[in-house]
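The structure appears right after this line, and notes come after that.
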Amino acid sequence: MYQSLLREQLELLKSSNQYRTFTTLSRICGQYPMAKLADDRQGPVVVWCSNDYLGMSQHPAVCQAMHLALDAYGAGSGGSRNIGGSHELYARLENSLADWHGKEAALVFPTGFGSNDATLQCLLRQIPDCVVVSDALNHASIVNGIRATPNERKVFGHNDVEHLERILSSYPLGQPKLVVFESIYSMDGDIAPIAQIVELAKRYNALTYLDEVHAVGMYGPRGAGVAAQLGLAGQVDIIQGTMAKAIGVIGGYIASSHVIVDAVRSFATGFIFTTSLPPAITAGCLASVEHLKASEAERSRLHAGTALLRERLAQYDIPVMPCSHTHVLPVLVGEAERCKAAAQRLLHTHGVYLQPINYPSVPIGTERFRVNATPNHSRVQIEHLAIALRETFEHFAIPLASAAFATEVA
């Protein structure tokens, strides 16, 4: 019976084009963004949708730090920090992250999903009668953490500060409130009105929780994120980040005051009862963060590559959604089946890897490719991508920008 019930659910997923399939590819160390497919009859393909935004996963300083830590400390951490002990590398990484964001303290988790999920659950359970107010497009990890608690919750329209104010003003000033939002939204590539949200939160006595996972490393002084770029990091109560994207390894963290960080460390079950990051991973994260604090080279090449990619895609009439103002370029396809078919053609005809993004990750009718250049993509590869996308769009009669956005405006 149970197998049949689950099989029915899987068939429903497949029939609605929501079933996820994985492309097996192995990245080639030292040749990023190149990767090999499982079927090695085809030559290497170019990866255009990795979250390894700065190529730091293959940076010599990161790899060397991981090799040295592996030789010195072995593979695993031995358990949670409470049981297995808290390695000195954790303290060094947390101090480095706190310094990065100008906060008193930081706390490291095994994943970015876990840092959102565990922290939000903890805060909402430990602050009596706290109302949580969340942006409509917040990541699944944020939604998961919020839904796991019985707290009253409200959702404000994406980046809609007027809606946010209506919600906040409907509660007494003394009622605890937590406003949760992101700086850069990964599916649209847009930026939150951080200054307005922070001002509203302060006016209505609310804590602010800002997810900077798609910004750290790439924006702001020393790569500390969009809030730092705007000079607002000091006014945000809790900054959450990841070490799995621009930092190039894995792990999540929060940075905040001593009291808030200590409360999460002491009460968050998702932190207390989970195995800590292996020492080699922690060492790699630390090396990457310290490098990105000091180096502008990767950021400069990323933004130059993004500008060139935007220019080439516009030249070939590829429909980059106008909501994007960052390194994330959403290319509109608009139909799930064609999106999947186009991805297969790009891969096997053009040697371009792009993962189709369908519902529920994005609304039905806005299916897309999520494209981003890195410092490692060459001008030749950027040109090739634009040509490949144009040929693929024509092959499947996918509307080009001049048609797609003209219809949208009309």
Q) Name the pairs whose Cβ atoms lie under 6 Å apart, with the first residue in the range 375-386 and farther than 14 Å from TYR353 by Cβ, the second open to solvent by 50 Å² or more (accessible area, probe 1.4 Å) and in a helix (DSSP H, G or I), and 6 or more positions between them or separate chains? A) PRO375/ARG301
Q) Can you spot a residue in the range 159-166 that is closer than 24 Å to ALA246 by Cα and basic (Lys, Arg)? A) no
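How many residues are among the small types (Gly, Ala, Ser) and open to solvent by 10 Å² or more (accessible area, probe 1.4 Å) if we restrict to the range 175-214? Before the answer, list the steps.
Looking only at the range 175-214, we keep the residues that are among the small types (Gly, Ala, Ser), and these are 183, 186, 189, 192, 195, 201, 206.
Okay, now just the ones that are also open to solvent by 10 Å² or more (accessible area, probe 1.4 Å), so 186, 195, 206.
Result for the range 175-214: 3.
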Q) Does the range 179-211 hold any residues that are in contact with a Phe, Trp or Tyr (Cβ under 7 Å, 6 or more places away or on another chain) and more than 20 Å from VAL131 (Cα to Cα), and which are they? A) ALA192
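Just one of GLY217, GLY241, GLY225, GLY234 is surrounded by fewer than 23 Cβ atoms within 10 Å (Cβ to Cβ) and under 17 Å from LEU97 (Cβ atoms); which is it? Step through it out loud before you land on a result.
On the way: GLY217 fails: surrounded by fewer than 23 Cβ atoms within 10 Å (Cβ to Cβ); GLY241 fails: surrounded by fewer than 23 Cβ atoms within 10 Å (Cβ to Cβ); GLY225 fails: surrounded by fewer than 23 Cβ atoms within 10 Å (Cβ to Cβ).
None of the others qualify; the one that does is GLY234.
Can you tell me which residue among ILE142, ILE239, ILE167, ILE146 is in contact (Cβ under 8 Å) with a residue 12 or more places away in the chain and either more than 22 Å from ALA118 (Cα to Cα) or in a loop (DSSP other than H, G, I, E, B) (or both)? I'd like the intermediate steps shown before the answer.
Details: ILE142 fails: either more than 22 Å from ALA118 (Cα to Cα) or in a loop (DSSP other than H, G, I, E, B) (or both); ILE239 fails: either more than 22 Å from ALA118 (Cα to Cα) or in a loop (DSSP other than H, G, I, E, B) (or both); ILE146 fails: either more than 22 Å from ALA118 (Cα to Cα) or in a loop (DSSP other than H, G, I, E, B) (or both).
When all the criteria are applied, what remains is ILE167.
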Q | The lone exception for THR21 - which of (1) open to solvent by 90 Å² or more (accessible area, probe 1.4 Å); (2) part of a loop (DSSP other than H, G, I, E, B) it fails | A | (1)
**Q.** Filtered residues of the range 67-88 (kept if free of Cβ contacts under 8 Å to residues at least 40 places away in the same chain and open to solvent by less than 40 Å² (accessible area, probe 1.4 Å))
**A.** GLY85
Q) What residue, among those in the range 38-66 that are open to solvent by 20 Å² or more (accessible area, probe 1.4 Å) and over 29 Å from GLU212 (Cβ atoms), is modelled with the highest pLDDT? A) PRO44
Q: Filter the range 121-139 for residues that are part of a loop (DSSP other than H, G, I, E, B) and open to solvent by 30 Å² or more (accessible area, probe 1.4 Å) and give the result.
A: ILE127, PRO128, ASP129, ALA136, LEU137, HIS139
Q. Can you pull out the residues in the range 244-254 that are touching a Pro at 6+ places or on another chain (Cβ under 9 Å) and either buried (at least 22 other Cβ atoms within 10 Å of the Cβ) or among the small types (Gly, Ala, Ser) (or both)?
A. GLY251, GLY252
Q: Can you give me the number of residues within the range 26-81 that are within 21 Å of the chain's Cα centre (by Cα), under 30 Å from ARG368 (Cβ atoms) and of a type outside the set (S, T, N, Q)?
A: 13
Q) Among (1) crowded, with 17+ Cβ neighbours inside 10 Å; (2) farther than 26 Å from ILE247 by Cβ; (3) of a type in the set (S, T, N, Q), where does SER170 come up short? A) (1)
Q: Those residues that are open to solvent by 30 Å² or more (accessible area, probe 1.4 Å), in a strand (DSSP E or B) and of a type outside the set (Lys, Arg), I need them from the range 153-164; list them, please.
A: VAL155
**Q.** Unique residue being outside any strand (DSSP E or B), out of contact with any strand residue (DSSP E or B) (no Cβ under 7 Å at 6 or more places or on another chain) and touching a residue at least 12 places away in the same chain (Cβ under 8 Å) when the list is ALA61, ALA91, ALA118
**A.** ALA61
Q. In the range 388-404, how many residues are under 18 Å from ARG338 (Cα atoms), assigned to a helix (DSSP H, G or I) and not basic (Lys, Arg)?
A. 10
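Give THR282, THR306, THR269, THR275 a once-over and let me know the one that is of a type in the set (Val, Ile, Thr) and within 28 Å of GLN381 (Cα to Cα).
On the way: THR282 fails: within 28 Å of GLN381 (Cα to Cα); THR269 fails: within 28 Å of GLN381 (Cα to Cα); THR275 fails: within 28 Å of GLN381 (Cα to Cα).
From the options THR282, THR306, THR269, THR275, the qualifying one is THR306.
What residue, of PHE156, PHE113, is more than 16 Å from the chain's Cα centre (by Cα) and modelled with pLDDT of 95 or more?
Details: PHE113 fails: more than 16 Å from the chain's Cα centre (by Cα).
Going through PHE156, PHE113 in turn, just one is more than 16 Å from the chain's Cα centre (by Cα) and modelled with pLDDT of 95 or more: PHE156.
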Q | Per-region count, the range 170-202, residues more than 25 Å from the chain's Cα centre (by Cα) and assigned to a loop (DSSP other than H, G, I, E, B) | A | 7
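The values are calculated or read from the model by the stated rules, or taken from the named source; none is laboratory data. These figures come from a predicted structure and were not determined experimentally. Here the Cβ is made from the backbone with ideal geometry for all residues, glycine too, and neighbour counts use every protein chain on show. What goes into the accessible areas is simple: the full protein's heavy atoms, side chains included, and nothing from ligands, DNA or RNA. Shrake-Rupley method; radii C 1.70, N 1.55, O 1.52, S 1.80 Å.
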